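Data first, discussion second: the structure below is written as structure tokens.
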Amino acid sequence: MSKGKFGIHGGQFVPETLMNAINEFEEAYNHYKNNPEFVSELNTLMREYAGRPSRLYYAEKMTKDLGGAKIYLKREDLNHTGSHKLNNCLGQCLLAKKMGKTRVIAETGAGQHGVATATVAALLGLECEIFMGKEDTIRQALNVYRMKLLGAKVNAVETGTMTLKDAVNEAMREWTNRVSDTHYVLGSVMGPHPFPTVVRDFQSVIGKEIKAQLMEKEGKLPDVVMACVGGGSNAMGAFYEFIKDKSVKLIGCEAAGLGVNNPKNAATIANGTLGIFHGMKSYFCQNEYGQIAPVYSISAGLDYPGIGPEHANLSDTGRASYVPITDDEAVDAFEYLSRTEGIIPAIESSHAVAHCMKIAPIMDKDKIIVVNLSGRGDKDVAAIARYRGEDIHD
Amino acid sequence: MTDIKNAFKNGKAFIPFITAGDPDLETTEKLLVAMSENGADIIEIGIPFSDPIAEGVVIQEADLRSLASGTTTDKIFDMVKKVRPMVKCALAVMTYMNPIFVYGTDKFMSKCKECGISAVIVPDTPFEEKSELSESCSKYGVELISLIAPTSNDRIKMIAKEAQGFVYCVTSMGVTGVRNKITTNIGEMVQLVKSVKDIPCAAGFGISTPAQAKEISKYADGVIVGSAIVKIIAEHGKDCLAPVCDYVKSMKEALL
């Protein structure tokens with residue numbers, strides 16, 4: 001009877017109050033996903049509003065500098081609102097509107113999903129409320145004001161570690177309080193079924209474009225596709241198209257904070273154990289009594305103690321591998337890409353860039369790496385300056 | 001195990017909830033004995049969870065206080081086992097899926113049996129996922145309590161058919177916490193349950209006053225109160241025994 005399984009992971013572990021709402025959402029998704037009118041409406045928004053397809057950019061200077069594999073960057077940072085998050089928000093908000101919902105709520109970590117949700121809510125005329133950990137509203141103050149400009153109400157969550165996990169808790173609580181007119185736009189491939197599937201499907205445009213674009217440029221499949229992983233939506237979107245192409249290595253880059261052996265990290269595959277939380281069975285950073293750990297990363301978007309159930313299964317089956325990247329490595333990559341290619345990546349995406357910098361030099365020159373550059377780094381500039389001890393009066 | 005069934009034989013049942021280890025386990029131990037002597041028919045023992053998504057602020061804070069004072073699932077079981085002979089009423093555990101799953105579902109239920117705990121309530125595990133618990137529950141004779149909500153509608157009969165112990169009727173939308181007014185049509189929910197199964201129905205989420213309890217007991221077989229009691233404990237700390245007992249007594253009297 002349990003639905004939405006990826007191997008042993010997934011399921012629908014939510015309060016009874018939400019069951020009819022998620023069943024209704026699943027029915028609506030199944031009804032509309034192949035509905036020509038819906039698909040055409042969504043594709044038009046993706047093209048005209050979001051600016052898709054996003055570029056697949058050959059990072060020539062970086063390739064030459066690292067001296068190994070050829071590096072392509074999938075430029076999700078060029079999407080409207082500055083990250084891949086918009087792909088999912090356009091899909092889910094359009095669905096919510098078809099379902100007759102007049103209000104959307106969402107959690108956000110770095111603020112990218114909150115901004116994307118607020119943006120689409122403004123476009124489609126939906127009321128919008130965002131839940132964001134208080135700690136993150138400080139780290140990402142610029143995005144808080146962006147959401148307000150877009151007409152959304154931002155609730156600073158002051159429970160727990162005051163980060164992404166607590167924002168999800170609070171958004172779920174608010175949804176149980178008001179389901180009849182409200183859709184919860186979950187921002188990652190996590191939570192109860194059908195969210196991991198729906199979000200993956202709306203994000204899978206990333207991998208489909210990578211495949212077509214690389215085929216045009218190089219006439220072949222990439223050897224490696226890599227992306228950063230918090231909940232895992234940009235990674236799942238990039239990976240999904242390639243799961244059946246066994247020659248393509250899939251690598252997720254987790255946030256290791258101060259290091260995998262330091263308690264201040266958020267590397268779920270490296271340090272997590274099997275659990276059931278936030279609607280899903282998956283891996284979580286937690287103690288022996290199932291109390292969720294207060295995780296940490298410099299990146300608010302990856303600062304989450306769990307991982308989407310499909311990633312957990314890709315890890316179990318060995319189809320994808322997951323590597324930990326520390327704060328230091330990510331910040332170095334942030335600065336490296338800025339100077340080398342003139343592209344300032346999000347600190348989240350910088351985790352993937354960092355791993356690329358490790359493996360590209362030891363790969364042959366005829367190999368191809370695609371790094372999913374999930375977001376742009378404008379929002380992180382002030383935080384990186386603080387990290388480097390520079391005062392920019394932000 | 002007939003503990004739960006017997007709990008509904010002395011008028012309408014009063015079912016208080018407390019978070020174990022708030023403010024400490026010694027106080028919880030005393031509260032179990034005292035509440036059972038002052039009219040509790042079943043006591044719901046909350047095993048604290050770091051991220052209780054069905055709880056309002058009052059119980060969230062109790063969970064955090066308890067965890068901060070070093071409470072663990074093992075320490076709770078040890079305490080309950082020790083005090084069980086002195087507690088006259090039935091006991092149930094309320095917690096989230098993760099603390100049970102990570103402890104080991106089978107081990108958790110065997111501990112419940114060992115400690116004389118008759119039932120478990122797991123608010124983030126709906127009908128569709130109950131197989132995660134049901135095998136171990138039946139192996140150790142621990143009843144798995146089903147919840148129905150104001151949004152359950154067509155799901156009520158499906159859930160009630162397989163319900164055990166009692167049906168927990170969630171009387172308010174949202175999370176736990178005191179409400180001024182209960183607007184849910186509890187009579188209708190209970191009627192739907194009873195149309196498919198003869199099983200007691202207890203109502204909870206938002207109830208705090210004897211008047212509310214009396215009104216709801218016209219339709220339900222029992223009343224569950226959590227946040228109102230946890231609030232008293234938060235106010236009085238280790239000296240909460242007398243005010244909690246007074247409260248429990250007043251609620252049970254309203255139900256007789």
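Over all directions, what mean area does the Cα convex hull of segment A:1-141 project, stated in square nanometres?
12.5
Could you state how much accessible area is buried at the A-B interface, both sides summed, with a 1.4 Å probe, in Å² to the nearest 100?
When A and B are taken together, about 3100 Å² of accessible area is lost.
What ranking of B:TYR219, A:TYR283, A:TYR240 comes out by heavy-atom accessible area, probe 1.4 Å, highest first?
So, going from the largest accessible area down, we get B:TYR219, A:TYR240, A:TYR283.
May I ask you to derive the FRET efficiency for A:GLU218 and B:ASP198 from their Cβ-Cβ distance with R0 = 60 Å, giving the value to the nearest 0.05?
0.30
Any chance you could list P(r) for segment A:88-202, counting all Cα-Cα pairs in 5 angstrom bins from zero, rounded to whole %?
Distribution as computed: 2, 14, 24, 26, 21, 10, 2, 0 percent.
Taking the Cβ of A:TYR296 as the centre, find all other residues whose Cβ is under 13 Å away and add up their charges (Lys, Arg: +1; Asp, Glu: -1).
Taking every Cβ under 13 Å from that of A:TYR296, the sum is -2.
With each pseudo-label sitting 7 Å past Cα toward Cβ, what's the A:ASN34-A:ALA270 distance in nm, one decimal?
4.3
What are the residues of segment B:121-141 that lose 50 Å² or more of accessible area, with a 1.4 Å probe, going from their chain alone to all protein chains?
B:ASP124, B:PRO126, B:GLU128, B:GLU129
Which links in A:LYS208/A:LYS367; B:LYS12/B:LYS111; A:LYS220/A:LYS281; A:LYS101/A:LYS281; A:LYS153/A:LYS264; A:LYS208/A:LYS379 stretch past 26 Å when you go from one Cα to the other?
Where the Cα-Cα span goes over 26 Å, the pairs concerned are B:LYS12/B:LYS111; A:LYS220/A:LYS281; A:LYS101/A:LYS281; A:LYS153/A:LYS264; A:LYS208/A:LYS379.
Suppose each label sits 7 Å from its Cα in the direction of the beta carbon; what would the A:LEU124-B:ASP154 distance come out to in nanometres?
Between A:LEU124 and B:ASP154, the simple spin-label model gives 2.3 nm.
Ignoring any ligand, DNA or RNA, what whole percent of the accessible area of chain A comes from carbon and sulfur when the probe is 1.4 angstrom?
Here carbon and sulfur together make up 51 percent of the probe-accessible area.
Once you charge only the Cβ atoms, +1 for Lys and Arg and -1 for Asp and Glu, what is the size of the charge dipole of the protein assembly as shown about its Cα centre, to the nearest 20 debye?
Once rounded to the nearest 20, the dipole reads 980 debye.
Treating only the Cβ atoms of Lys and Arg (+1) and Asp and Glu (-1) as charged, compute the dipole magnitude of segment A:125-218 about its Cα centre; round to the nearest 20 debye.
Here the size comes out at about 120 debye.
Per-residue accessible area for A:LYS208 at 1.4 Å probe radius, Å² rounded to 10?
Its accessible surface works out to 110 Å², give or take rounding.
What does the structure give for B:93-102 when I average, per residue, the other chain Cβ atoms found within 10 Å of the residue Cβ?
That works out to 5 on average.
Mind pulling the per residue volume of the convex hull built on the Cα atoms of segment A:319-394? Å³ is fine.
Taking the convex hull of the Cα positions in segment A:319-394, it is 104 Å³ per residue.
Karplus couplings for segment A:304-318 from phi (6.51 cos²θ - 1.76 cosθ + 1.60, θ = phi - 60°), rounded to Hz, Gly and Pro as x?
Computed from phi, the couplings for segment A:304-318 are 9, x, x, 8, x, x, 6, 5, 4, 6, 4, 6, 4, 7, x Hz.
Work out the charge dipole of segment A:1-90 with +1 on the Cβ of Lys and Arg and -1 on the Cβ of Asp and Glu about the Cα centre, then indicate which of A:ALA50, A:ASN35, A:LEU78 is farthest towards its positive end.
After comparing all options, I get A:LEU78.
Return the carbon/sulfur percentage of the accessible area of segment B:134-212, one whole number, probe 1.4 Å, all protein chains in place.
Roughly 48 percent, rounded to a whole number.
How big is the Kirkwood radius of segment B:20-88, worked out from every pair of different alpha carbons and given in Å to one decimal?
The answer is 12.4 Å.
Quantify how strongly other chains surround peptide B:151-157 by giving the mean number of their Cβ atoms within 10 Å of each of its Cβ atoms.
For peptide B:151-157, the averaged partner shielding equals 3.
Could you pull the Cα extents of segment A:57-140 along its three principal axes, largest to smallest, in whole Å?
53, 32, 15 Å, listed from the longest principal axis down.
Using θ = phi - 60° and the Karplus relation 6.51 cos²θ - 1.76 cosθ + 1.60, list the HN-Hα couplings for segment A:179-184 in order, rounded to whole Hz, with x at every Gly or Pro.
9, 5, 10, 10, 10, 8
Which value, in Å², gives the accessible area per residue of the protein assembly as shown when a 1.4 Å probe is used on the protein heavy atoms? Walk me through the intermediate numbers first.
Working: 22940 Å² over 650 residues.
Value for the protein assembly as shown: 35 Å² per residue.
With Kirkwood's inverse mean 1/r over C-alpha pairs for Rh, give me the Rg to Rh ratio of segment B:121-174, two decimals please. Let's see the in-between values first.
On the way: Rg = 11.1 Å, Rh = 11.6 Å.
Ratio value, two decimals: 0.96.
Where the eigenvalues come from the Cα gyration tensor of segment A:161-233, what are the semi-axes √(5λ) of the equivalent ellipsoid, largest first, in whole Å?
Taking √(5λ) for each Cα gyration eigenvalue gives 34, 14, 8 Å.
Cα centroids of segment B:16-31 and segment B:91-107: how far apart, whole angstrom?
The two parts, judged by their Cα centres, are 18 Å apart.
What translational diffusion coefficient, in µm²/s and rounded to a whole number, does the Stokes-Einstein relation yield for segment A:287-337 at 20 °C and a viscosity of 1.002 mPa s, taking the hydrodynamic radius as the Kirkwood radius over Cα pairs? Walk me through the numbers on the way to the answer.
Values: Rh = 13.2 Å.
Translational diffusion coefficient: 162 µm²/s.
Put +1 on the Cβ of every Lys and Arg and -1 on every Asp and Glu Cβ in chain B; which of B:THR151, B:ILE216, B:LEU241 then has its Cα farthest towards the positive end of the dipole?
The Cα lying farthest towards the positive end belongs to B:ILE216.
Determine the residues within segment A:160-184 where the difference in accessible area between the chain on its own and the full set of protein chains amounts to at least 10 Å²; count protein heavy atoms only and use a 1.4 Å probe.
Buried by the other chains: A:GLY160, A:LYS165, A:ASN169, A:MET172, A:ARG173, A:THR176, A:ASN177, A:VAL179.
When the solvent-accessible surface of protein heavy atoms is calculated with a 1.4 angstrom probe, in what order do A:THR317, B:THR95, B:THR72 fall, highest first?
Values: A:THR317 90, B:THR95 0, B:THR72 30 Å².
So, going from the largest accessible area down, we get A:THR317, B:THR72, B:THR95.
Hey, what's the Cα Rg ratio for segment B:1-150 versus the globular rule of thumb, 2.2 N^0.38 Å?
Taking the Cα Rg and dividing by 2.2 N^0.38 Å, one obtains 0.97.
How big is Rg to Rh over segment A:22-71, alpha-carbon atoms, Rh as the Kirkwood inverse-mean-distance radius?
My calculation puts Rg/Rh at 1.35.
Rg and Dmax of the protein assembly as shown over Cα atoms: what are they, in angstrom?
Using the Cα atoms of the protein assembly as shown, the pair Rg, Dmax is 25.8, 83 Å.
Is the shape of chain B best called rounded, prolate or oblate, per the rule: a/c under 1.5 gives rounded, else a/b larger than b/c gives prolate, else oblate, with a ≥ b ≥ c the square roots of the Cα gyration tensor eigenvalues?
Judged from the Cα gyration tensor, chain B comes out rounded (a/c under 1.5).
In 10 Å bins starting at zero, report the fraction of Cα pairs in segment B:50-99 per bin as a rounded %.
Here the calculated profile for segment B:50-99 is 20, 48, 31, 2.
Taking every DSSP beta bridge that has both residues in chain A, what percent is antiparallel when rounded to the nearest 5?
Bridges in chain A are about 30 percent antiparallel.
Could you sort the residues of segment A:290-331 by number and keep only those whose accessible area is reduced by 20 Å² or more in the all-protein-chain setting relative to the chain alone, 1.4 Å probe?
A:GLY290, A:GLN291, A:ILE292
Can you give me the three principal axis dimensions of segment A:117-162 from its C-alpha atoms, in Å, biggest first?
Largest first, segment A:117-162 extends 33, 18, 11 Å along its Cα principal axes.
P(r) of segment B:136-256 in 10 Å steps, Cα pairs, percent per bin?
Per 10 Å bin, starting at 0, the Cα pair percentages come out as 13, 40, 32, 14, 1.
Positive end of the charge dipole of segment B:1-150 (Lys, Arg +1 and Asp, Glu -1 on Cβ, about the Cα centre): tell me which of B:VAL102, B:ILE15, B:ILE47 has its Cα farthest that way.
Final value for the positive-end residue is B:ILE15.
Considering only protein heavy atoms and a 1.4 Å probe, what is the carbon-and-sulfur percentage of the accessible area of segment B:1-119?
C and S fraction of accessible area: 53 percent.
With only alpha-carbon pairs counted, each pair once and no self-pairs, how large is the Kirkwood hydrodynamic radius of segment B:69-171 in angstroms? Provide the component values of the computation, followed by the final result.
Numbers: mean 1/r = 0.0696 Å⁻¹.
The Cα-based Kirkwood calculation yields 14.4 Å.
The values are calculated or read from the model by the stated rules, or taken from the named source; none is laboratory data. Everything numeric here is computed off the predicted structure, so don't read it as measured data. FYI the Cβ positions are ideal-geometry reconstructions off the backbone, even for glycines, and counts take in every protein chain you see. Please note that ligands, DNA and RNA were not included when accessible areas were found on the heavy atoms of the full protein model with its side chains. Shrake-Rupley method; radii C 1.70, N 1.55, O 1.52, S 1.80 Å.
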